[in-house]
Each structure stands twice: as structure tokens, then as C-alpha cells.
Amino acid sequence: MASSSPPKTKGWSFSSMLSRSFSSLAGCEGSPKADDPTQAKSFFDLAATDMQGNVVPMATYRGRVCLTQLNYTQLAELDTKYRDKGLQILAFPCNQFGGQEPGTNEEIMDFVKTFGISFPFFAKCDVNGSNTIPVFQYLKHNLGGLLGNFIKWNFTKFLVDRNGLPFQRYNPQTAPFDIEADIVELLGKQ
């Protein structure tokens with residue numbers, strides 16, 4: 001059941017933040033139903049390209065609470081703790097923030113394997129600008145940020161409910177463990 005309250009944004013996002021790597025949910029391909037991704041009725045109407053080049057419909061994750069992005073160790077722990085209860089973490093590398101992710105998809109996967117991560121990674125993509133992928137167009141439109149909708153830095157995170165409705169956006173310095181209460185709240189809703 002979707003919340004009737006408006007989407008929330010917590011904290012600040014500063015472009016001077018220094019963190020390693022990934023920017024929140026993005027992907028690559030749009031849904032045939034949504035020429036304008038910002039008008040999609042649900043996150044599940046969209047699609048994104050994974051690290052192997054396959055287009056993955058976000059509907060694959062229907063019925064799960066989705067959290068985009070990763071701060072490796074904590075996200076791996078949340079994944080282990082809540083995956084069987086319906087949490088799905090999705091990660092989308094981006095090189096738009098200080099050139100922090102210049103590697104190939106293969107190099108990125110080699111790096112994150114050292115953290116024991118098993119949740120899906122999507123192909124490196126843009127989350128801002130004219131090449132922003134549809135998934136991020138949709139999320140930014142529905143969960144605007146402080147001082148504008150653009151993604152300010154790596155590790156911005158979005159939480160999407162089981163119905164594909166954006167629930168909350170978190171700034172880069174919000175640790176995954178600080179989101180746990182919201183995850184538990186959404187997992188408790190059917």
C-alpha cells in the first residue's frame with residue numbers, strides 16, 4: 001500500500017563531498033510505455049541495462065522494496081539481512097562526479113566483488129545532463145533534491161516501495177544503516 005504523504009528528502013547534498021564511486025539508481029533503457037520517463041506511473045514501468053548489456057525491466061523487482069545505490073559494506077549487510085524479506089538493492093555506477101568511476105563495467109565488478117556484494121549492478125551511466133537515463137529522470141522528477149533535482153554527488157540513494165512508488169531520497173552522506181528504519185517500515189507494508 002503506497003503512502004499518501006508527499007515524498008521526503010533528508011539532509012543536505014554537497015558537491016564537495018568525497019566518496020568513492022557510484023551514483024544512485026540509473027540504468028539505460030526506457031520502457032516502451034513511457035516516452036517521457038518522468039510521466040511513468042511506477043518505477044516498475046522503466047528498464048535499465050545491466051553490466052552484461054541486458055535490458056532489465058524494473059518490473060523484475062515488482063513486490064520488493066528497492067533501494068538504489070551502495071556504500072559497499074553497509075549495503076551488503078542490509079542485503080543479507082533483508083533480501084528474503086523483500087529488499088532489493090540496485091546499484092548504478094556513474095563517472096560524473098570527479099571522474100571517480102573511470103573503469104570499465106568489468107573493472108567495476110572486479111572491485112565490488114571484494115566486498116562480497118551479490119545484488120544487481122547496472123551498466124555505468126549518466127544520472128545528470130542530456131544523457132540521463134530514464135530511471136533517474138523518473139526518480140529525480142518524483143523525489144526532488146535540496147537546491148534542485150539533479151544528483152549532487154555519488155552515493156545519493158532512492159528508496160522505492162513494493163508498488164514501484166518512490167518513497168524517499170537520501171543524500172550522499174546518509175549511511176545505509178541510517179535508512180534501515182525506513183526499509184523496515186516499507187517491508188512491513190503489503
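Things to note:
- Of the residues making up the range 120-141, those that are more than 13 Å from the chain's Cα centre (by Cα) and of a type outside the set (Val, Ile, Thr) are Asn128, Gly129, Ser130, Asn131, His141.
- Scanning the range 24-60 for residues that are within 27 Å of Lys152 (Cβ to Cβ) and among the acidic types (Asp, Glu), we see that the one that is modelled with the lowest pLDDT is Glu29.
- Residue in the range 92-103 that is out of contact with any strand residue (DSSP E or B) (no Cβ under 8 Å at 6 or more places or on another chain) and modelled with pLDDT of 90 or more present: yes
- The listed residue being of a type outside the set (D, E, K, R), at pLDDT 90 or above and either over 16 Å from Leu187 (Cα atoms) or out of contact with any Phe, Trp or Tyr (no Cβ under 7 Å at 6 or more places or on another chain) (or both), out of Thr114, Thr80: Thr80
- Answer from Leu143, Leu187, Leu147 - the residue that is at pLDDT 95 or above and hydrophobic (A, V, I, L, M, F, W, C): Leu187
The values are calculated or read from the model by the stated rules, or taken from the named source; none is laboratory data. Quick caveat: nothing in here was measured; it's all calculated off a predicted structure. For neighbour counting, all protein chains shown are included, and Cβ atoms are generated from backbone atoms with ideal geometry for every residue, glycine included.
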